[in-house]
Structure formats: C-alpha cells, structure tokens
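As structure tokens, the structure follows; a few thoughts come after it.
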Amino acid sequence: MLKLKKHSLIFLIFFLSITLFTTSCWSRRELNDIAIIMGAAVDKAEEPDLLALTAQIVKPGQIGAAGGDTGGGGGTDSAVWNITMTGKTNQITARKMNLVSPRRPFWSHNKVFVFSEAVSREGIAKFMDVWVRDQELYPTLGVIIARGKAADLLAAMPTIGNVQSLNLAELLENQGPISYIASNNLFEFTSVLLSKTTSAVAAIGEVVEKSGQKIVMLTGTAVFKEGKLVGEINERETRGFLFLTGKLGSSTIVVDCLESEYYTSLEIITASGKITPQIVNDEITMVIEISILSDVSEQMCNENLFSSKMIISLLQRQNKVVSSEVNDVIKKAQEMNTDIFGFSDAIHKKCPKYWKQIEKDWDEIFPYIKTSVVIDSKMRRTGVTTRIVEPE
Amino acid sequence: MLLKDKEIPVSQFTFILITFMLGSTHIITTATKLVEQQAWLALLLALGEGLVTALIFLTIAKRFPGKNLVEINELLLGRYLGKFVTIIYLWFFIHIASLELRFIGDFTTLILPETPPLVFILSFIIMCASAVRNGIEVIGRCSIVILPLVFSEILLSFGLLIKDMNFDNFLPLFELPFSDLLVTGHIITTVSFGQGILFLMFLPALNEPKKVQRSLFAAFVLALLLLMLINVRNIAVLGGSIEILTYPSYQAVKLINIAEILTRLDILLVFAEILTTFIKVSLLYYIVVLGTAQLLKMDSYLPLVLPIGSIMISLSLLLLGFYLEYFKFTIHVFPLYSFPFELGIPLVLLLLALFKGKRQQKEE
C-alpha cells in the first residue's frame with residue numbers, strides 16, 4: 001500500500017511538472033505584441049505589375065482617448081494608422097508590413113476589404129484569393145468596391161466612432177432599411193464568383209464631401225462578369241434587383257399623388273421574390289413573383305384612405321414603381337449580359353436536363369430571355385393617424 | 001488473459017462504434033464534395049453497403065462465439081496463412097490509425113500554424129497510449145462521455161446555422177449519374193462503416209454477444225444520422241462554394257454569426273474532431289496492440305503499447321507529404337486498397353466458415 005502511494009506521488013509530480021512546459025502557448029501572441037488590423041484595401045501600385053495593400057491598424061491607446069472630435073485619418077492623434085506597402089502578391093505585401101510595424105500585424109479581426117476599381121476590372125479573384133484561403137480570417141467580413149482608389153476610403157473621415165474600417169463594415173450592415181445597395185460579405189461574394197453563369201454583385205463606396213468633411217458614401221452596386229467588374233447598377237435598379245431576388249430588407253416607395261404634384265410614402269414591411277422558369281418550345285420565360293406588404297407612412301396630399309378604391313389605387317401606383325424598377329434592372333443586366341439574378345441557377349434547379357443543353361450557350365440566351373413580373377401588394381396600416389394633418 | 005471476457009456492456013459497444021464512425025467525419029465531408037448537393041444520397045448508399053458488410057462480419061462472428069479475428073483466421077486458414085492474414089490486418093489497422101494521427105497533426109496546425117505537428121501528435125498519442133493501457137473498458141467509458149459532447153456540438157452548430165441555410169442548394173435532387181453516387185458511397189463506406197470490421201477483434205469482450213447484431217445496426221444507423229446532419233448543414237450553408245474548401249465543416253462553423261455575439265465558434269468543431277479521432281485512434285491502437293500480443297502468444301499486451309505507439313508516430317509523419325495527398329489517397333487509392341480487408345477476406349472467411357460448418361455437421 002505504501003509502495004503504491006510513493007509510486008503515485010512520483011506520477012503526480014511528473015504530470016504536474018508537465019503542465020509547466022505544456023501551457024499550449026507555442027503560437028501565442030500577446031496583446032501588446034500584435035497590431036490589430038481592422039480593415040484593408042487593395043489597389044494597383046504605381047509600379048507596373050505590383051499591387052498596393054493598405055492595412056488599417058488600430059492604435060489601442062488612442063481608441064478610448066481620441067473621443068469623437070479628434071478622429072480622422074492621418075492626424076497625429078488618430079486612433080488608426082494606415083500602412084501601405086507594395087508587392088507582387090497580397091501575402092508578401094502583408095508580410096512587408098513588418099518592416100514598418102513594430103508589432104506583428106494580426107488579421108483575424110479584419111472587418112472589411114476594399115478593392116479598387118482597377119483591381120476589380122482586372123479580375124477580383126486573383127487579388128482576393130489569400131483572404132479566402134487564409135484560416136485566420138472569418139468569411140463574414142464585408143466587401144466594398146471603391147470608385148477610384150481603395151486606400152482613399154480607409155483614409156476618409158470616420159463618421160461615428162474613430163475607426164474608419166469599423167464604420168465601413170457597419171455601413172454595409174446598415175443597408176437593410178433602404179435597400180439601395182446590395183451588400184455582401186466575403187462568403188456570399190465568393191460563392192457567387194465560383195458560379196460559371198451567375199454574376200456577382202458588391203457595394204460601391206465613394207469618397208464624397210459633405211459639409212466640408214470627406215466621408216464615405218455607398219453609391220451603387222458593382223456588377224461582375226467572370227470575376228471582372230463590367231458595370232454597375234444604380235440605386236433604383238439595385239432595389240429592383242433586391243425585390244427580384246427576395247433579398248430586400250425594407251425600403252420606402254414614393255408614389256405620386258393623384259390630384260396634386262406631391263407624393264405619398266409607402267413603407268415596405270416585408271417583401272419576397274421568387275423566380276420560376278417556364279420553358280415552352282425552347283422559349284424561356286422567367287416568371288417573377290413579388291409580394292409586398294406595406295404601410296402608408298407619409299402623405300403629402302389628402303387622399304381618403306377609408307376608401308378601398310384609394311387603397312387599391314395606391315397599391316397599383318406602388319406596383320408600377322416596383323415593376324418599372326424590376327424591369328429596368330432586367331433590361332440593364334441583359335444589356336451588360338450579366339445574370340446577376342441567378343436565372344441560370346433557377347433553370348438548373350428546375351429543369352436540370354434542359355439546362356445541360358443550353359449551358360454552354362447561356363451568354364447568347366440570357367440577353368433575350370423574356371420575363372413576366374407579377375406583383376402582389378397588400379396594405380397593412382396607415383400609421384397612428386388616418387389622414388394628413390389638414391382640415392377636411 | 002489478454003481479452004477479459006464480458007468486460008464491456010453492449011450499450012457501450014454502440015457508443016464506441018458511433019464515436020468511431022464520427023472519427024472519419026473530416027474525410028467523409030471532404031469526399032462528399034465529389035457529389036456536391038447529392039451527398040445525402042451517397043451517404044444512404046454508403047449505409048446500405050455498410051450494412052451488407054456488417055452482416056458478413058456478424059455471420060462470421062456467430063459461427064465462432066468467444067473468438068476474435070486472430071483466432072478465427074487461424075482456425076479457418078490454418079496456422080501459417082492465418083497468421084499471415086492477421087499480420088496484414090494489423091498493418092491495415094495501424095495504417096488507418098497513422099493516417100488519423102496525421103490528420104490530428106494537420107488539423108491542429110491549421111489553428112496553431114507555428115507549432116510543429118509532432119507536438120500535437122506526441123501529446124495525442126500519449127493520451128491514446130494511456131487509454132490503451134487501461135483497456136477496452138476505459139475506451140468505452142471515454143466514448144460515453146465524448147459522444148454526447150460531440151452530439152451537442154453537431155446540434156448546436158446546426159441550430160445556430162439554420163438562419164444561414166438555403167435548402168435550394170439541394171436542387172436539382174438527382175443530377176449526377178448513379179455511378180458517381182455509387183463510387184462516392186463506396187468511398188464513404190471504406191472510410192467509415194467498412195472499418196467496422198475491427199469489432200471482430202474485441203467481440204469476446206462483450207457481455208451479451210446475442211445483442212451484438214442489434215447494437216451494431218443501431219450504431220450504423222445513428223452514426224449515419226449524425227453524418228447526415230453534418231452534411232446537410234454543410235451543403236445548405238455553403239452551397240456551391242463547398243467544392244474549393246479543404247475542410248467544409250470548418251468553413252461552415254466559421255460562418256456562425258448570431259448578432260455579432262455568438263461568433264468564432266470554429267474551435268468547438270476542432271474539439272469535436274479531436275475527441276472523435278481520439279476514440280478512433282485509441283480503438284485502432286488497442287486492436288493492433290492486442291492482435292500483436294495474441295500473434296506472439298504473449299501474456300499481456302502492455303509491453304507492446306509504447307513500441308507500437310512509436311511506430312504509429314513515425315508512420316504518421318512518413319506516410320503523407322502534405323494534406324491534399326490524404327484527400328487524393330482517400331478517393332483514388334483507399335477504395336481499392338481497403339477492399340480486401342473490408343470485403344474480400346471477410347467473404348472468403350465466410351465461405352470457408354460455411355463450408356467447414358457443413359463438413360462438421362456431416363461428420364457428426
């Protein structure tokens with residue numbers, strides 16, 4: 001018994017001493033040894049064949065101290081530090097940052113990637129491969145296509161908070177209530193890029209001057225074909241696109257008043273879209289069913305909402321706006337020959353055999369596909385009042 | 001006695017087998033990329049093939065109650081051929097165990113890229129060696145703890161990803177030719193259900209041999225359900241992008257994002273993979289050690305634990321160059337390589353057993 005006890009004591013000491021050396025701290029990175037990158041921008045460098053990578057590093061000491069009024073890119077007490085390096089690939093360029101950064105760049109908390117227009121036109125896949133491949137990054141981060149230089153977006157003035165990349169990431173997430181921009185995260189963007197026939201879309205960001213400050217505004221949706229930026233759709237068309245694909249969060253439809261030059265706002269509560277292919281004698285018609293539930297949220301003229309005729313008329317006017325937006329975006333996409341709606345996927349899923357026959361000719365077929373848009377609108381309520389604040 | 005009689009209850013046996021099958025999740029999820037959205041069908045075919053192989057094993061087992069594969073081999077094939085077949089079986093088991101060990105090295109270095117894989121392999125094999133020294137009963141009890149943990153990981157990730165799921169990804173339902181599905185189904189069987197042959201090695205340790213059939217089938221079906229859950233999750237969440245991913249489950253779990261609060265849960269998947277692989281490697285390790293001891297007519301298998309462990313470490317480092325080779329090996333070589341072990345030799349044994357059985361009856 002005593003022998004056993006001695007034995008187990010030795011074992012205990014042995015195993016306890018193991019814990020001294022195996023604290024699983026091999027690849028540890030202490031917080032004060034890393035430079036946390038919150039956003040990055042990829043540009044073409046001025047030297048030929050090189051790319052310029054800009055990383056926005058957060059200065060931990062400044063985050064709390066800088067407050068609201070001292071922010072701004074490049075300033076001495078800015079909360080962030082933008083480094084730009086040039087190189088042949090993203091990976092080596094990111095490593096080159098160690099030449100200027102006293103702390104090791106840490107990519108895991110990256111929130112947003114900005115790609116310049118030039119990079120996107122050249123083919124975005126080659127410039128984003130490392131960000132998809134690297135295990136440190138999370139695929140839920142946002143993607144913005146910059147009009148012009150990508151680094152400018154990171155250098156612009158942060159509006160709320162003092163880290164511009166966080167602002168950009170939140171900006172992308174905040175598009176639900178307006179639905180003028182199709183915002184994507186890296187995962188959604190790359191999964192469409194992998195498709196042979198469906199075209200990817202991404203939000204376009206632009207530096208604009210508002211009351212003397214250079215801030216970033218989202219100004220449209222970029223359209224890709226085979227991984228290359230080929231064009232863009234404007235806000236109206238983007239909303240049509242979101243209606244069609246059923247990704248619309250909420251929005252406001254402004255319709256004309258019947259008897260005056262003013263307007264009525266209809267707030268969309270829920271909207272859904274469904275694409276069904278119909279193939280009759282080799283002629284493809286895409287039936288697009290959109291159903292909308294909306295509230296009357298604003299009236300600039302006195303239209304009697306107790307009359308069901310008026311409600312029907314309002315809904316008809318709303319349908320007209322929506323269908324014109326949807327038809328416009330279909331026309332634009334067919335002109336650019338980019339299947340951003342996933343018509344090809346819909347045919348593939350519904351009629352796999354037919355799809356096999358037409359797959360290779362899709363580029364010739366898509367511009368001439370017929371569509372029929374069916375919109376079903378319903379009204380929910382008129383807010384807490386029943387008519388405009390005006391005597392009858 | 002090498003193998004204590006009636007050591008583990010049949011319910012534990014089910015737990016061990018399910019956890020063992022889940023140990024190959026990582027390779028199954030990569031293999032099902034071959035059939036994209038129809039992985040569920042390939043899995044069903046795999047279960048069908050798995051049940052057929054299981055029936056063969058069971059019929060052999062029933063003929064020789066209280067005997068394990070080593071003894072059956074010697075009885076049916078004679079002293080020398082039987083020993084030879086046992087040796088190649090032991091090689092097969094040590095080979096799979098080493099591949100799994102390598103997976104541990106590769107997968108953990110994905111998370112901790114600067115640590116040499118040998119560190120993980122070494123600490124992992126020490127754990128396995130400790131389990132093996134304590135015998136099959138301890139491995140069984142470990143699986144009782146591990147399976148609920150892994151099960152809750154699967155359910156949790158499934159539940160948290162429901163909002164990201166798009167069940168349109170399963171359309172078109174039947175697109176690929178049936179032959180592709182059969183091939184992939186066979187690959188899945190060879191890496192999971194087919195390896196169930198190892199239960200023949202520790203069958204005498206079960207307390208109620210009569211209930212083996214029921215618990216084996218239950219284990220196969222439950223393992224299939226869990227694998228199905230994992231595959232459905234991956235396809236519904238990842239869609240077409242599954243084809244370029246090395247670890248689809250890892251990417252799927254990375255996408256979990258509940259209101260920016262529940263994020264970065266990928267480490268749970270790593271835990272689950274390590275835990276199930278622990279049972280898989282321990283079981284294979286135990287069987288190799290036990291079989292070798294029986295072959296050499298040793299009184300105890302304990303002296304063999306460390307030497308065989310070190311052979312497995314070296315093999316795990318030598319067998320493969322880099323991770324994609326494991327994938328290539330699994331889909332191109334393993335279906336043929338494992339055929340004799342998982343179906344060929346068992347069939348021959350079965351025929352011999354039936355033949356011998358008849359002759360014995362006649363003599364009587």
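The values are calculated or read from the model by the stated rules, or taken from the named source; none is laboratory data. This structure is a prediction, so every number in the text was calculated from the model and none was measured. We place every Cβ from the backbone using ideal geometry, glycine too, and count neighbours over all the protein chains shown.
Step by step: first the residues of the range A:194-221, then only those that are assigned to a strand (DSSP E or B) and within 24 Å of B:Asn169 (Cα to Cα), then the one that is nearest to the other protein chains (Cβ to nearest Cβ). Which residue is that? Checking each candidate, the answer is A:Thr198. Note on the range B:249-273: among residues that are of a type outside the set (A, V, I, L, M) and within 12 Å of another protein chain (Cβ to nearest Cβ), the one that is surrounded by the most Cβ atoms within 10 Å (Cβ to Cβ) is B:Gln251.
For B:Ser316, the requirement of being among the polar types (S, T, N, Q), in contact with a Lys or Arg (Cβ under 9 Å, 6 or more places away or on another chain) and within 29 Å of B:Leu147 (Cα to Cα) is met.
Filtering A:Ile311, A:Ile365, A:Ile347, A:Ile358 for residues that are among the hydrophobic types (A, V, I, L, M, F, W, C), surrounded by 12 or more Cβ atoms within 10 Å (Cβ to Cβ), within 14 Å of another protein chain (Cβ to nearest Cβ) and part of a helix (DSSP H, G or I) leaves a single hit, A:Ile347. Here A:Asn98 clears all of (1) surrounded by 14 or more Cβ atoms within 10 Å (Cβ to Cβ); (2) at pLDDT 85 or above except the condition numbered (1).
Scanning the range B:232-248 for residues that are surrounded by fewer than 23 Cβ atoms within 10 Å (Cβ to Cβ) and touching a Leu at 6+ places or on another chain (Cβ under 6 Å) yields B:Gly240, B:Ser241. Reported count of residues in the range A:368-387, each being assigned to a strand (DSSP E or B), within 30 Å of A:Glu298 (Cβ to Cβ) and in contact with a strand residue (DSSP E or B) (Cβ under 6 Å, 6 or more places away or on another chain), is 7. Here the range A:156-170 is the region considered, the condition is being surrounded by 22 or more Cβ atoms within 10 Å (Cβ to Cβ) and more than 12 Å from every other protein chain (Cβ to nearest Cβ), and the residue that is farthest from A:Ile124 (Cα to Cα) is A:Asn162. Whenever a residue of the range B:112-124 is in contact (Cβ under 8 Å) with a residue 60 or more places away in the chain and within 11 Å of chain A (Cβ to nearest Cβ), its partners that are surrounded by 17 or more Cβ atoms within 10 Å (Cβ to Cβ) and of a type outside the set (Asp, Glu), lying with C-beta atoms within less than 9 angstrom and at least six residues away or across chains, give the pairs B:Leu122/B:Ile313.
Which fully enclosed helices (runs of 4 or more DSSP H) of the range B:125-222 have 3 or more residues being in contact with a helix residue (DSSP H, G or I) (Cβ under 8 Å, 6 or more places away or on another chain) and either among the acidic types (Asp, Glu) or surrounded by fewer than 22 Cβ atoms within 10 Å (Cβ to Cβ) (or both)? Answer list for the range B:125-222: B:136-161, B:178-191.
Here is the figure for the range B:76-91: residues that are crowded, with 21+ Cβ neighbours inside 10 Å and either among the aromatic types (Phe, Trp, Tyr) or within 14 Å of chain A (Cβ to nearest Cβ) (or both) total 1. Within the range B:67-91, being in contact with a Phe, Trp or Tyr (Cβ under 8 Å, 6 or more places away or on another chain) and free of Cβ contacts under 8 Å to residues at least 12 places away in the same chain holds for one residue alone: B:Leu75. Return a yes/no flag: does the range A:198-216 have any residue that is in contact (Cβ under 8 Å) with a residue 60 or more places away in the chain, under 27 Å from B:Ala236 (Cβ atoms) and in contact with an Asp or Glu (Cβ under 7 Å, 6 or more places away or on another chain). There is at least one residue in the range A:198-216 that is in contact (Cβ under 8 Å) with a residue 60 or more places away in the chain, under 27 Å from B:Ala236 (Cβ atoms) and in contact with an Asp or Glu (Cβ under 7 Å, 6 or more places away or on another chain). For A:Leu186, are the conditions met, namely being within 25 Å of B:Ile242 (Cα to Cα) and surrounded by fewer than 22 Cβ atoms within 10 Å (Cβ to Cβ)? For A:Leu186, the condition - within 25 Å of B:Ile242 (Cα to Cα) and surrounded by fewer than 22 Cβ atoms within 10 Å (Cβ to Cβ) - is met. Collect the residues in the range B:233-247 that are small (Gly, Ala, Ser) and more than 9 Å from chain A (Cβ to nearest Cβ), keeping them in residue-number order. The answer is B:Ala236, and nothing else.
This table checks each residue for (1) more than 20 Å from the chain's Cα centre (by Cα); (2) farther than 23 Å from B:Glu273 by Cα; (3) modelled with pLDDT of 90 or more.
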position: B:Ile28; (1), (2), (3): no, no, no
position: B:Lys33; (1), (2), (3): no, no, no
position: B:Glu36; (1), (2), (3): yes, no, no
position: B:Ile60; (1), (2), (3): yes, yes, no
position: B:Glu74; (1), (2), (3): yes, yes, no
position: B:Lys83; (1), (2), (3): yes, yes, yes
position: B:Tyr89; (1), (2), (3): no, yes, yes
position: B:Leu101; (1), (2), (3): no, no, yes
position: B:Leu110; (1), (2), (3): yes, no, no
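Checked against (1) within 14 Å of another protein chain (Cβ to nearest Cβ); (2) assigned to a helix (DSSP H, G or I); (3) within 11 Å of the chain's Cα centre (by Cα), A:Ser191 passes all but a single condition, namely (3).
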